[in-house]
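Worksheet for the structure shown next.
Any read-out appearing in this document is the output of simple, stated calculations on the displayed coordinates, not a laboratory observation. Bear in mind that the values here come from a model prediction, so they are computed numbers and not experimental data. Using ideal geometry, Cβ is built from the backbone for each residue, glycine included, and neighbour counts are taken over all protein chains shown.
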Amino acid sequence: MAFGKPDLGSMVPKGAAFDPALVNKMMGKFGHGGFLDMEYVGHGDDWVELAIDWREDLVADPDTGILASAVIISLMDNATSMSIWTKLGEFRPQVTMDLRIDYLRPSPSGARVYGRGICYHLTNSIGFVRGFAHNGNPDEPLAHASGTFIRIGDRIS
Amino acid sequence: MTDMLSALPPYAQALDMTIVDELNGAPVIAMPFTDRVQGRPGFLHGGAISGLLEIAAIAAIHQALRAKGSDSAIKQVNVTVDFMRGGVSQMTYAVGEVTRLGRTMANVEARAWQEDRNKPITMGYMHYLIKAKRAV
């Protein structure tokens, strides 16, 4: 989903490299990101990892304690969105065009969920992303994601 | 899975979702605009709209299974979400349509809209495994 204007843009220092940890303080602490309480975990040149703690009010199936599928979608949406700005080195306004998630296995009740978003290609208007979610060991993913974001103009405000 | 048609799950309740209507036999779910579902200022977060679609999809399958007299459980395999229009600060509705209900899987299409159902803000396409309950 789109983030930014004017609040996010104003948080990114002019001429400074994009800082996912700083930006998550807004995206992960207010609004829907705040409800889910997303934590910044780490980043590289083209990826950002965030995490959400298991919580009873995020459960879609009370019999099993399995999280709502959309919790993983929100996590991957934010992580992949931020991976574009990280690869780009700066913020640019964009919205999610589409996102696909394959659930390899359920995330166990009580387990923290990590989502790593990777931007594997950038054009002038589109950011192509993929990513995966896991419970602490990236070699044992619970879901895979892929999607695209479209740029919506350069005006910050 | 607990029958969603009698009580919406904790996630849906946390986002103030309610069943408000019925369309072609499937429950219509409503979600008010609150800070908890907001992405960029003034707009719904894509993940929250996806959550509304998920609840509508599951409710539609439960309804379809119940109509067949089945007590099978379901397990989501995947979802593709298309974001078509920004969701603004007003009530959002969603309904699921079970396009095929087989013995082993179900295809579901869910649509979210605000003022006009013919102008969806987001569509979701889901696959679910149908798991027969083991005889006790």
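Observations, loosely collected:
- Listed residues A:Ser74, A:Ser107, A:Ser125, most fluctuating in chain A (Gaussian network, C-alpha, under 10 Å): A:Ser125
- About the Cα centre, charge dipole magnitude for chain A (Lys/Arg +1, Asp/Glu -1 at Cβ), debye: 580 debye
- The aspartates and glutamates within cross-link reach of B:Lys133, meaning a Cα-to-Cα straight distance under 12 Å and a gap of 8 or more places when in the same chain, are B:Asp71.
- Amide H to amide H, with H built 1.01 Å from N, A:Arg55 comes under 5 Å of no residue 5 or more places away or on another chain.
- Residues considered: A:Met82, A:Met27, A:Met97. Largest GNM mean-square fluctuation over chain A, using C-alpha springs under 10 Å, is found at A:Met97.
- Between helix B:46-67 and chain B: long-axis angle, C-alpha atoms, 0 to 90°, nearest 10: 30 degrees
- Amide H contacts of A:Gln94 (H built 1.01 Å from N, under 5 Å, at least 5 apart or other chain): A:Phe3, A:Ile152
- Gaussian network model of chain A, Cα within-10 Å springs - most flexible of A:Val59, A:Val71, A:Val23: A:Val59
- Per-residue mean of foreign Cβ neighbours for B:49-56 is 5 (Cβ atoms of other chains, 10 Å radius).
- Positive-end residue of B:Ile29, B:Met123, B:Thr92, charge dipole of region B:10-131 with Cβ unit charges: B:Met123
- Across all C-alpha atoms in chain B, the radius of gyration and Dmax reach 14.6, 51 Å.
- Reachable aspartates and glutamates, given that their alpha-carbon falls under 15 Å from the alpha-carbon of A:Lys87 and they are not under 8 places away in the same chain: A:Asp19, A:Asp45, A:Asp46, A:Glu49
- The charge dipole of region B:1-100, taken about its Cα centre with unit charges on the Cβ atoms of Lys, Arg (+1), Asp and Glu (-1) only, comes to about 200 debye.
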